[in-house]
Protein chains: 2
Amino acid sequence: MELGEFSIIKQFFSSCGAKKSDCLLAVGDDAALLQTSSSQILVATQDTLVAAVHFFPDTDPEALGHKALAVNLSDLAAMGAKPAWFTLGLTIPQIDTKWLQAFASGLCSLATSTNTQLIGGDTTSGPLAISITALGWLPAFNNALLRSGAKPGDHIYVSGTLGDAGLALHQLTQGSAVSTMARKRLERPTPRLKLGQALLGLANAAIDISDGLLADLGHILTNSNVGAVVYLAAIPHSSVFKNYLEQGGDPMLAVTAGDDYELCFTVPSQNIGDLMDIATSLSCPIAYIGEISSEPGLRLYDSNKNIVTPQRHGYAHF
Amino acid sequence: MELGEFSIIKQFFSSCGAKKSDCLLAVGDDAALLQTSSSQILVATQDTLVAAVHFFPDTDPEALGHKALAVNLSDLAAMGAKPAWFTLGLTIPQIDTKWLQAFASGLCSLATSTNTQLIGGDTTSGPLAISITALGWLPAFNNALLRSGAKPGDHIYVSGTLGDAGLALHQLTQGSAVSTMARKRLERPTPRLKLGQALLGLANAAIDISDGLLADLGHILTNSNVGAVVYLAAIPHSSVFKNYLEQGGDPMLAVTAGDDYELCFTVPSQNIGDLMDIATSLSCPIAYIGEISSEPGLRLYDSNKNIVTPQRHGYAHF
């Protein structure tokens, strides 16, 4: 049997080394939560992007620098954490000054705008890959946005629109014309940091959509021991994605493609008024897409109230 | 002009993103020092090992797991820090259960023996590489073992013996018989954590020898604006390395080859008595190899008191 990413972690790395009481949350969520001697909680996460696996080798290096940090900040956002610092493990086949300049520009620009500082790392020679570790802070552990906190009756929301990055990747792979907007969504995702921080105390669970909604929501369901009903008609689409659908495109792309880096989160009904106020004050579009149920499994309904059985749930790492 | 690793960092990443007052030491040392709200200092470091660059692709995966963490812990040791947690960015071409098991075993065994916990990371598909970020604690910032603290008159010491790892690499590359001891030094280095922690308040500067003594001591000299005199005859050699020398081997290998992961540190004369006591109580061999001078540059003397001009100073990353 072939192992997936999560089985590998579970089998080989879920209990590795000392069991420290100051590690409040380790392997298995978007980020690790660490008790410092202060009242704040340190948050750490690491994401690697490998050429020809996570991005086309000829990707604009400025966009790549942005994305390499953005995917990590997105993990912090999904915990409700405020980013502080990051380390950069950069592996490059050769020294290309122009490439490095552009890469650093994209990286540093996002770091500056999110008040995050590069504090170290390692630059090595080898096949192009970027591995960033981001560190941030949470005011308290008890309201962190874990994957395990969803409760039956919670309303499920997503931020922004889904499927744009997947559409761009689909078009690039097909060699067809790529919408500028979709390509921007694929190459320069915006981590939802402010939304994540505002959800502290309001949402019961959250995850960032990196592998596709069905796959990522699936992690919340598994970790929370709950199920969900999701309405395909409620999935928010951009005008570009709507165009694609009108030309006979696959609506499942919006719920199975990764790389959108929007947040998916679950909110108990009594907090929905506060949630609407937050979405308004942050000018952050959010959409209700379904509900958490006690019955296990994810039930996806089309607009005719028929159950849809997806061929795949999301991006498979292996 | 081709850039080296350090020029790349300086040119593209030394000032990247926000300038935070809570980042006490960023790019340019063995690890970053971060002010938490508590009295302790958080220490973060990241090191990447790439197949065919840092290790032979057929390296025993158990040893590789050990080494991937050891090189990071060695950086913490060189700051005097106590390790706490680490994240693992693991990139593998395919899923090989046996390989993963052995890798995890080597990794977790060192993590356990050093009271360090794996707290997260990322597993991706791609050319074999391991990027670990280690986090640790320092009791205070004012006596951390920086590269910039060396003072004229300081005695320069190294721990253990030098050249063993370089000898093993030389023998493996030549296809000649490899000593078991030298190979162990290359593949399973021991981070000098206890020594590093004991040097707090005693040593003015420290670095771990990963790229070769001359290159790494060179970083101390540059960052401290000082020079040094080093005596080739004082470099500590193992019996295996002595054998190699007796058979006409190159004595420069011990000061230019990397991968030994011993500490090189500078100690003011008034602290030398305390240093001897520590070396004894830790059963950690240390050797005096020279002195820091105000005159810039590194002057290497052979046993006839002639200046030696090395062809190279250490491992070049590009």
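The values are calculated or read from the model by the stated rules, or taken from the named source; none is laboratory data. The model shown is predicted, which means the values in this text are computed figures rather than measured ones. Here the Cβ is made from the backbone with ideal geometry for all residues, glycine too, and neighbour counts use every protein chain on show.
Couple of notes before you dig in:
- The condition of being in a strand (DSSP E or B) and either aliphatic (A, V, I, L, M) or more than 13 Å from chain A (Cβ to nearest Cβ) (or both) does not hold for B:ALA78.
- Only a single item in (1) free of Cβ contacts under 8 Å to residues at least 60 places away in the same chain; (2) part of a strand (DSSP E or B); (3) closer than 25 Å to A:ASN223 by Cα is not met by A:LEU88, and it is number (3).
- Considering A:LEU34, A:LEU110, the condition of being modelled with pLDDT of 90 or more, over 22 Å from B:GLY126 (Cβ atoms) and not assigned by TED's automatic domain parsing to the domain that holds A:LEU200 is satisfied by A:LEU110 alone.
- Selection of the range A:93-126 for residues being surrounded by fewer than 22 Cβ atoms within 10 Å (Cβ to Cβ) and over 25 Å from the mean Cα position of the chain (by Cα) yields A:PRO93, A:GLN94, A:ILE95, A:ASP96, A:THR97, A:LYS98, A:TRP99, A:LEU100, A:GLN101, A:THR124, A:SER125, A:GLY126.
- Set B:GLY196, B:GLY126, B:GLY160: member being in the same structural domain as B:ALA228 (by TED's automatic domain parsing), out of contact with any Cys (no Cβ under 6 Å at 6 or more places or on another chain) and on the phi > 0 side of the Ramachandran plot: B:GLY160
- Residue within the range A:133-155 that is part of a strand (DSSP E or B) and more than 18 Å from A:THR45 (Cβ to Cβ) present: yes
- Filtering the range A:209-225 to residues that are over 18 Å from A:TYR315 (Cβ atoms) and surrounded by fewer than 21 Cβ atoms within 10 Å (Cβ to Cβ) leaves A:ASN223, A:ASN225.
- Taken together, B:LEU162, B:LEU200 contain a single residue that is in contact (Cβ under 8 Å) with a residue 60 or more places away in the chain, under 30 Å from A:THR133 (Cα atoms) and assigned to a loop (DSSP other than H, G, I, E, B), which is B:LEU200.
- All conditions in (1) closer than 20 Å to B:ARG183 by Cα; (2) under 20 Å from the mean Cα position of the chain (by Cα); (3) at pLDDT 95 or above hold for B:GLU246, with the sole exception of (2).
- Within this structure, B:ALA77 passes the test of being in contact with an Asp or Glu (Cβ under 9 Å, 6 or more places away or on another chain), touching a residue at least 24 places away in the same chain (Cβ under 8 Å) and not assigned by TED's automatic domain parsing to the domain that holds B:ALA203.
- Scanning the range B:192-243 for residues that are closer than 20 Å to B:GLN171 by Cα, at pLDDT 95 or above and among the hydroxyl-bearing types (Ser, Thr, Tyr) returns B:SER238, B:SER239.
- Filtering the range A:112-127 for residues that are aliphatic (A, V, I, L, M) and either in a loop (DSSP other than H, G, I, E, B) or more than 10 Å from chain B (Cβ to nearest Cβ) (or both) leaves an empty set.
- Summed over the range A:130-168, residues that are within 18 Å of the chain's Cα centre (by Cα), surrounded by fewer than 23 Cβ atoms within 10 Å (Cβ to Cβ) and at pLDDT 95 or above total 2.
- Among the residues making up the range B:165-197, those that are free of Cβ contacts under 8 Å to residues at least 60 places away in the same chain and either in a helix (DSSP H, G or I) or within 28 Å of B:GLY227 (Cα to Cα) (or both) are B:ALA168, B:GLN171, B:THR173, B:GLN174, B:THR180, B:MET181, B:ALA182, B:ARG183, B:LYS184.
- Output for the range B:94-111, where each listed residue is free of Cβ contacts under 8 Å to residues at least 24 places away in the same chain and either assigned to a loop (DSSP other than H, G, I, E, B) or of a type in the set (A, V, I, L, M, F, W, C) (or both): B:ILE95, B:ASP96
- Within the range A:42-75, tally of residues that are in a loop (DSSP other than H, G, I, E, B) and more than 10 Å from chain B (Cβ to nearest Cβ): 5
- Of all the listed residues (B:SER109, B:SER105), the sole one being within 12 Å of another protein chain (Cβ to nearest Cβ) and in contact with an Asp or Glu (Cβ under 6 Å, 6 or more places away or on another chain) is B:SER105.
- Residue match in the range B:163-175 (condition: more than 29 Å from B:ASP302 (Cα to Cα) and not assigned by TED's automatic domain parsing to the domain that holds B:VAL71): yes
- Screening B:ALA254, B:ALA287, B:ALA279, B:ALA228 for residues that are farther than 30 Å from B:PHE55 by Cα, touching a helix residue (DSSP H, G or I) at 6+ places or on another chain (Cβ under 7 Å) and either among the aliphatic types (A, V, I, L, M) or surrounded by 17 or more Cβ atoms within 10 Å (Cβ to Cβ) (or both) leaves exactly one candidate, B:ALA228.
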